[in-house]
Amino acid sequence: MKEINKDREKNIIENFDISIISDPHVLASELMGPSESFIKELKVERKLVVESEGLFRRALEIVDRAGSNYLILPGDLVKEGEYKSHKLVAGYLRHWKDKDPRRKIFLTPGNHDINCHRAYDFSKDQKTKNVSPREFEEIYDFIYEDDSILEFYRDSQIFKNYLDFVNKKYNRDVEYSYYAHGYFSYVARIKKDYIDDNGLSLIMLDTSIYSADREEKNRDGRENIPGSITKEEIKWMLEKIEEAKKRKDMVIVVAHHALLPNFRNQELAFSPFIIKEWRDKFKDEDPRIDCKTPIEILADSGVKFVFTGHLHENGTAKYTSEIGNTIYDIQTGSTITYPLPSRHIKINNKTSTDHGFEVFVTTELIDDFSFTDYNGEEEIVKDAILHTMTNQLSLKEVIHNYIRIQANNPLFDKIDFKKVLIDNLRAKTGLDIPYTGYMNKIVFPNIADRFPIYSKYVGRIVISNLNYEYEFRIKALMNTLFIKASNIEEAIDIIIGQAEKILTPHFVITAMDKVSSKIFSMPIDDEGHTFYDFCNYIYQYRSTSDEDRPSYVTKMIDNINDPDYDIINIVLDYAADEINEVFDTVTGAIILKRNGSKKEFFERLIQTKGFPVNFAYKYLIRRVDSLRDLLDFFSRFITKKSSITGVDLAKTIAHSRAVRRAKMNISDKFFGQKSLRVFILALIGEMNEEMTTIYQNADLNEIDHYFNYIEYDDTKIITEE
């Protein structure tokens, strides 16, 4: 038995009504083992996976100590939806509940809980059974059969009509036909002191995606990371809120995903942490819904509090609707990431006064715990914070290990670059991109409306379509140059085929290490701090230590917030030598030949009409041997310089209008935002100017103020860049 110890003054929190444990991500010990796959997983996994069961057990003990009879779990109970992990968690919860007949548990699933395709048994190095919605309910039947539940959304006529629509629209198999999005939403009620009026109604809102109607490719049996809410759920929820009002109940909503960003000093957020529709204004005949966002609907219906998880960080977001109604989205961090928080809520019924209900919210950190490691050794940790900070990997370690694990994957030697590229584009765009014929079927049809264009260096460029065969026609000085879409595709295939041979694991590891090391070494102040110091500080959630936030971190955040601070160009310029070296090596090694002939390569790719064009074409063939030469030949058109470098091309791509529009479209589909700059800021959003208090303070009501606290009004929340 090993002990990890450091003396720390303990702040005991007691006498609360409700506690929240979020995102415990428990992995059953029987699924762990010293396998190569598990060692690799731990090298890139940012959570305390091995300690997860011990931390969850300790979190329940802390709830006992706080005196709460009601426990809220906003989801992500297990690591990756493993059946055995769910059974383990259910056992702990049942034991906690059975200690006192007054105890009740309120649960909504997270994106890791149901239909998770990543469930894995690391002890046997093979996939393991996950759980379906029906199995999830069977495992937690002691929660879902509790007499506090007034109604399941799935039992409403609203859901039944919606389910019928979904089953018909997606022609679903029978095994999936019993559920759709929001399946585990329900309303429950707590009557304090057994008084009929003035109770607490809890709406457990199921925002996780695990059914065809919300899954990004409309698949059943798969999960997605982002959250979602349907108009049907909202209609049902409004009915339940109105019923609660008639009982003079206070209403709180619980969901896995936040309903609006919890980052400070930002108006947009990385949307896998929030519902996709957070800024959508629904259209409906019901004025309570029409032209309102989900959080606005709740605020105007009288709901004051939404408790969420998912982000693995404590935060409080205050929103005020256009007509002046206020609501708080209070997010609770994970028990397996720094600094191991849970939350406690005290509700005082003051409906006999003008104050209504008085709510007090505070955070408590896991102080000590014990766990069994994957070798079967028991460890006792007497300072959980110290253990967390010393055992969660640094950003450099994660990147370094991840590059090696991916580059040395045995599949890498047999990888089909073209297939991988197309599969990734399919996943990101949702388009059915074929492996052959993609230029004619996908690329040209999607860019045709942007032509014709004119360049003083090239001439007038148009796209023509003859019998479903697209081609570029470049016209200048009564001459024409033709480049068929199918010929471009053949040339790309030749280039990709050579790239597969060049990009060996050793080359990829060396190149990425060299470039990332140079970028991380970039100084950001005059005191020797580097870009890596800043990134690693943010990554390891050191934003809540007893020390003040370092000045270099504040300065860097201010820089990134400054629209005149072009971080992309600054980073690229600093690593220019390393980027150019990699660029020159790769592009210089790709020789433009077909069947061993440079002439055949270009004659197949380009056809010409007119003497001047023919002359220029022959000059092109003489000058160009490699992809590097070809890029130099067209450099003036691409970068407006006589020769091209890797950094020039990277800057042109990063700042080009077409790529910027593509990034906006892709991020809007998957991330719900339209700014790469905001996307970067969202990843470090927990860093904020008002972070002046530590996580745990028994005298601090986190509704009034919290270290990670942000306020929105309706005009701000819908603002886009």
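Overview of values
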item	result
Highest-first arrangement of 300-307, 248-255, where packing means the average Cβ count within 10 Å	248-255, 300-307
Listed peptides 427-438, 198-209, 100-111, 523-534 by packing density, highest first (mean Cβ within 10 Å)	198-209, 100-111, 523-534, 427-438
Point-charge dipole on Cβ atoms (K/R +1, D/E -1) for the stretch 18-392, about Cα centre, debye to 20	500
Average accessible surface area per residue within the stretch 18-392, 1.4 Å rolling probe, Å²	35
Antiparallel DSSP beta bridges within the stretch 18-392, percent to nearest 5	60
Peptides ranked, highest mean first, by Cβ atoms within 10 Å: ranges 21-31, 369-379, 168-178	21-31, 369-379, 168-178
Normalised contact order of the stretch 18-392, rounded percent, pairs of Cα under 8 Å and 6 or more residues apart	18
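The values are calculated or read from the model by the stated rules, or taken from the named source; none is laboratory data. Here the structure is a predicted model, which means the values were calculated and not measured. Note that we place each Cβ from the backbone using ideal geometry, even for glycine, and neighbour counts take in every protein chain shown. What goes into the accessible areas is simple: the full protein's heavy atoms, side chains included, and nothing from ligands, DNA or RNA. Shrake-Rupley method; radii C 1.70, N 1.55, O 1.52, S 1.80 Å.
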